[in-house]
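In what follows, a single structure is set out as structure tokens and then discussed.
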Amino acid sequence: ALLLKHVPTVDDGLLAGGGVFAVVGPTGVGKTTSIAKLATKFALAHGPRQVALVSLDHDRIGARDQLLTFARILGVPMHVATSARELGGVLAGLADRKLVLIDTAGMGPHDERLATQFATLSCPPGAPERRIRTLLALAANAEHLALDAIVNSYSRARPEAVLLTKLDEAGSLGAALSVVVRHALPIAHLCDGQRIPEDLHAATPKRVWLVKQALKLAERAQALAGVDEAYMAEHFGKVANHG
């Protein structure tokens, strides 16, 4: 109950009103797939005419092609921007779209190009009045120090909330929950699989499930540790020390 009280979440209303959102984070955390899930969910509720996708990832052609495939399936436009000026022009042309989702290049917390990415998102020239808001994608299966470094580096992008991904691959949720609690970063959505959009969940209605899952994984890890210790003692406890 205490953990449930302190885990910050934000309800699904964050995207319900539309806006321009950039999903940022390191490589491999599932940004592109998460964007596809968010876009599909919004399109089902408001129609594909209200959604557009933009890719700022000009480093990985595969990620751009993946986003383009999602866009074609949904029947929504997908644009590519390689600079702040291009991004401003693209956003100006999408002023009639209720929700615009921007996929960014994945970069590690110490990547020197992060400053350029943040500058591009902060004030693209020629863009309409709508401010670009950021969501930080964090992988639930990452270890604590890595997550902490990511949050510290990406704090310059002023993320409003977190997309917690790869819940289905996590052996523990302690690190992820510790980081969002300590940095007071609310969780907006949970992603626990590859299905689009079924494996995307608003965080607030799933708070109890999230905490129960964290405790279940902790108990499982403790039980496995106990089995390992017993096995080692039984099989190797009497082995002579050759040190």
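For segment 69-119, filtered to residues that are buried (at least 17 other Cβ atoms within 10 Å of the Cβ), assigned to a helix (DSSP H, G or I) and of a type in the set (A, V, I, L, M), the residue that is nearest to the chain's Cα centre (by Cα) is LEU114.
Checking each residue in segment 196-243 for being open to solvent by 100 Å² or more (accessible area, probe 1.4 Å) and modelled with pLDDT under 85 picks out ARG220, GLN222, LEU224, GLU229, TYR231, MET232, GLU234, PHE236, LYS238, ASN241, HIS242, GLY243.
Out of all the residues in segment 79-98, is one or more free of Cβ contacts under 8 Å to residues at least 40 places away in the same chain, among the hydroxyl-bearing types (Ser, Thr, Tyr) and out of contact with any Ser or Thr (no Cβ under 8 Å at 6 or more places or on another chain)? So far as segment 79-98 goes, yes, one or more of its residues are free of Cβ contacts under 8 Å to residues at least 40 places away in the same chain, among the hydroxyl-bearing types (Ser, Thr, Tyr) and out of contact with any Ser or Thr (no Cβ under 8 Å at 6 or more places or on another chain).
One line per residue, one yes/no per condition, for (1) touching a Leu at 6+ places or on another chain (Cβ under 6 Å); (2) not basic (Lys, Arg):
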position: TYR154; (1), (2): yes, yes
position: LYS166; (1), (2): no, no
position: GLU169; (1), (2): no, yes
position: HIS183; (1), (2): no, yes
position: ILE187; (1), (2): yes, yes
position: ASP192; (1), (2): yes, yes
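Considering (1) within 24 Å of THR33 (Cβ to Cβ); (2) of a type in the set (D, E, K, R); (3) assigned to a loop (DSSP other than H, G, I, E, B), the lone condition that ASP168 does not fulfil carries the number (3).
Taken across segment 177-185, residues that are farther than 19 Å from VAL23 by Cβ and β-branched (Val, Ile, Thr) do occur, with at least one present. Being under 30 Å from VAL179 (Cα atoms), modelled with pLDDT under 90 and open to solvent by 50 Å² or more (accessible area, probe 1.4 Å) narrows it down to one residue among ASP12, ASP57, ASP65; which is it? From the options ASP12, ASP57, ASP65, the qualifying one is ASP12.
The values are calculated or read from the model by the stated rules, or taken from the named source; none is laboratory data. Quick caveat: nothing in here was measured; it's all calculated off a predicted structure. Every residue, glycine as well, gets a Cβ built from its backbone with ideal geometry; the counts of neighbours run over all protein chains shown. For the accessible areas, the whole protein counts, side chains as well, though only heavy atoms, and no ligand, DNA or RNA atoms are used. Shrake-Rupley method; radii C 1.70, N 1.55, O 1.52, S 1.80 Å.
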